[in-house]
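Participant: After the structure tokens below, expect a handful of questions from me.
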Amino acid sequence: MKILHITNELTKKNFSIASLILFISKHLYKSYNLQYSILTSKAERDLFEDKNIYNIELKNWISIFFKVRNLTKNISNFEVVHIHGIWAPIQIISILLCNFKNKNCAIHPHGMLLDEALKSAGFLKFIYKKIFLFIFRYLISKNLYFVSITDQERNAIKKFFPISKITNIYNPIPFEKNNFRSLNKKKQFVYFGRIHPHKNIDLIIKAFKYAKLDNNWSLKIYGIHDDSKYFNLLKNLIGSDTRIQILEPIFGKEKQKVLSESWLNILLSKSEVLSLSILESSIHGLPSLANKNIEVTNIKDSIITSDTSVLDIKDKLEMVSNWTEEERLFRGKEIYKNVEIITSIDEILNKYINLYNNFTENEHISEISDNNLFSLKNIKFLLITSTYMFNLMFSSVVVVVLVIFGYYSIAGEIGLVASFWITITQIFSSNLRSIIVSENKIEYAFSTLLYRIFISIIFCLLAYLFILDFVSFENNDLVILFSLLILTQWINEMSLVKSEVKKKTLIFKIYSIMNIITLFLSFLCLYFSYFNILIYIISAYILFMIFSITLNYYKFNQENFDFNLKKIYLLNIRTIAFLSSFSIVISSFAWRIMIYYTFDKSLAGVFFACFSIGSFPGTVFNSVIGPAFIKQKIQLSNKFKIFLYTIFVLIFIWFIINYFLIFDGNKINYLSLEFISFTVSISLIGSYFMSYAMYLRHKKIQSTLKIRSDLFQTDILYGTSITFLIPILYYLGNTIGVSFAFFVASLFALTVYSFNDKFRSYDSK
């Protein structure tokens, strides 16, 4: 197994993290032969000598564009990626690349997600980090693995990444133990770490100066100047007091010597995970004075704690200064014994091995999980839903394309006729597909197939006579053809549902290919105005469906299903469900009639196209996705919710822009792109409300019979109420008012289905 460690830098500034990475890597290689490399943006090679350290210059976000390929190549060559830190460009991009390439990675924040650590850089950076974490977790499509050092850090990670997998692994002490007993102890307090406000060094200096200590006592502060303003503040606090020194950081044997001979280590950071400074001190028998909020599991009793008031720190320093040398050595021995237990290198290495092994064991599983877009389950779902969507939406798509290409009159005619047939077929369907799929009643599919064939023949004859004798269309051939298309698609639904129930996807694969070809050729014909050729293409598609229906009818006969007209009659017509479908669908068709006879054909075509686009999400959810969505109790990921919210905001901005554009002149051009864009945008806003209303509706449909009956009554109320919405809006706001029709209907739907939400009370009984 090959491990890639990624960190922002290997320098004096982050010496603790850097030494930890090297220590763990070398011991894993020595004990388990785990190959390792360390990738970093910056390395001080005179401080860290290791041939496995590699540099990749990612100083800022601009440099990423030039080095991302190299970074990707590095990540691909390793089984496990271990990322130390979370804020630097190399860390963020590495996490995203691992997610994109479906490669498991461990994220080791090293205390960076603790509240106080987030706040330490100031208010603006705190807000920035919060927003970043909020967005960042939604960019990740799979659960994350985190390494926490303490339970405190574990809880901090859970706040931002609640479904992540977290392993607690204590920090080892990255150098050998020392015999502290033989060394003389100096009367000196020491601090090791960054010179930064987060570390509360100013409080240490003030407390030391105020404490009643003789002149033999000293305070030595070892650290990198991480904040020049704060460093100058500390220098001013020290003044002329020669007992206090701010020194350059020390490492290796020099640091170990100072730890061994000092009296007390001081660490009063605002927040800290299991501090390496405390562990290093403890292994040398050096007690520590620590902030009481710092988690030091299992060694809490061996250290002295203080709050962050100068008075309390002063009292603790005075108390420690009064220890005898014997008491000082005794405390050193106690803390050494306790820290040795929690930092057992063998136990720590075993935890890392278990973590990495889990990665490699779960790698194959993650590749074929249902979260993967290209999983077998998801491909089947896409094939089935896309076929039904084509059946449902093809005519509406043609109307939209006709409007885009400027054929407003033809769009108006086809839109009106298509709406009529969709209305009729939906009235006589009563959601039979949902019933058959949920109950696996294939025999219903056979009976309904014959029933629909019989009804469609009657419809076709009546429509043909009606068109010839009563209505004159400019494009009779296209109107008749689209009528036949929709009726054939309606029949074909029962042909497809058998394959859906039996989980056979071959027919859906064939239909997907045919649908793509038909769409492509139809768009070409519309673009080049080849309407005669379009007739042949749609005719060929109808013949293909008729062949498929015939084949399925033959297969049905082989299975000896009986045609039960009475049962189909009861399922389709003699129910309150029929009245609910009738009321909703008729209201939609009434809109079309009113628009068609209120405005000229061109503007009617525009409205039909705009409302088709606006209603698309709600229609798809209601007719294609909704039943399965509710039945399988599918939950939207937070990432997808953020995506939907973002799209909503963008559509709203789009609507505002178009609002000012159409009212910019003295006269509004209702056939202009601005007006079309305006109507589409407000309709799409309405579709958000409509989709949620349909979500509530489907929850009730799949509840008890009593709730379902109440729902169907609500459907009738809703459908009846919005039937005359078009003339009302036209009266209130003329043509502009009609543009808001779908938006207003959506708000009303959400109000009605939310207000009449009785299913909770029923469920509780």
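Participant: For segment 305-372, please list each of the helices (runs of 4 or more DSSP H) lying entirely inside it that holds at least 1 residues being at pLDDT below 80 and more than 20 Å from HIS284 (Cα to Cα).
Facilitator: So the answer is 345-367.
Participant: For the condition among the small types (Gly, Ala, Ser) and more than 19 Å from LYS13 (Cα to Cα), what is the one hit in SER228, SER240?
Facilitator: Step by step, each of SER228, SER240 is checked, and only SER240 is among the small types (Gly, Ala, Ser) and more than 19 Å from LYS13 (Cα to Cα).
Participant: Let me ask another. Charged (D, E, K, R), over 17 Å from GLY85 (Cα atoms) and at pLDDT 75 or above - does that describe any residue in segment 142-154?
Facilitator: yes
Participant: A further question on this structure: So PHE126 ticks every box in (1) surrounded by fewer than 16 Cβ atoms within 10 Å (Cβ to Cβ); (2) of a type in the set (A, V, I, L, M, F, W, C); (3) modelled with pLDDT of 75 or more but one. Which box is left unticked?
Facilitator: (3)
Participant: Working only within segment 242-257, note down all residues that are surrounded by 13 or more Cβ atoms within 10 Å (Cβ to Cβ) and modelled with pLDDT of 85 or more.
Facilitator: Passing the criteria: ARG243, ILE244, GLN245, ILE246.
Participant: Please give the helices (runs of 4 or more DSSP H) falling wholly within segment 1-108 in which 3 or more residues are out of contact with any strand residue (DSSP E or B) (no Cβ under 7 Å at 6 or more places or on another chain) and modelled with pLDDT of 75 or more.
Facilitator: 15-32, 89-100
Participant: State which residue pairs qualify: first residue farther than 15 Å from ASN33 by Cβ and inside segment 348-359, second residue assigned to a helix (DSSP H, G or I) in any location, beta carbons under 9 Å apart, and separation of 6 or more residues or different chains.
Facilitator: Filtered contacts from segment 348-359: ILE348/ILE24; ILE348/HIS27.
Participant: Looking at segment 502-532, which of its residues are closer than 22 Å to ILE480 by Cβ and not in a helix (DSSP H, G or I)?
Facilitator: Those that are closer than 22 Å to ILE480 by Cβ and not in a helix (DSSP H, G or I): SER529, TYR530.
Participant: Identify, please: which residue in segment 454-474 is crowded, with 17+ Cβ neighbours inside 10 Å and at pLDDT 75 or above and is, among those, nearest to LYS601 (Cα to Cα)?
Facilitator: In this case the residue turns out to be PHE459.
Participant: Further, regarding this structure: Can you give me the number of residues within segment 217-264 that are assigned to a strand (DSSP E or B) and touching a residue at least 60 places away in the same chain (Cβ under 8 Å)?
Facilitator: Result for segment 217-264: 1.
Participant: List every residue pair whose Cβ atoms sit under 6 Å apart, with the two residues 6 or more apart in sequence or on different chains, where the first one lies in segment 186-199 and is assigned to a loop (DSSP other than H, G, I, E, B) and the second, anywhere, is basic (Lys, Arg) and crowded, with 23+ Cβ neighbours inside 10 Å.
Facilitator: GLY193/LYS199
Participant: Only one of these is under 19 Å from LYS316 (Cβ atoms) and modelled with pLDDT of 85 or more: LEU233, LEU203, LEU286. Name it.
Facilitator: LEU203
Participant: Return the pair list, or none, for Cβ contacts closer than 9 Å from residues in segment 381-405 that are in the same structural domain as LEU478 (by TED's automatic domain parsing) and without any contact (Cβ under 8 Å) to a residue 60 or more places away in the chain to residues that are among the hydroxyl-bearing types (Ser, Thr, Tyr) and in a helix (DSSP H, G or I), at least 6 apart or on different chains.
Facilitator: LEU382/SER512
The values are calculated or read from the model by the stated rules, or taken from the named source; none is laboratory data. Just so we're clear, the structure is a prediction, and the values are computed from it rather than from any experiment. All Cβ positions, even for glycine, are placed from backbone atoms using ideal geometry, and neighbour counts span all protein chains on display.
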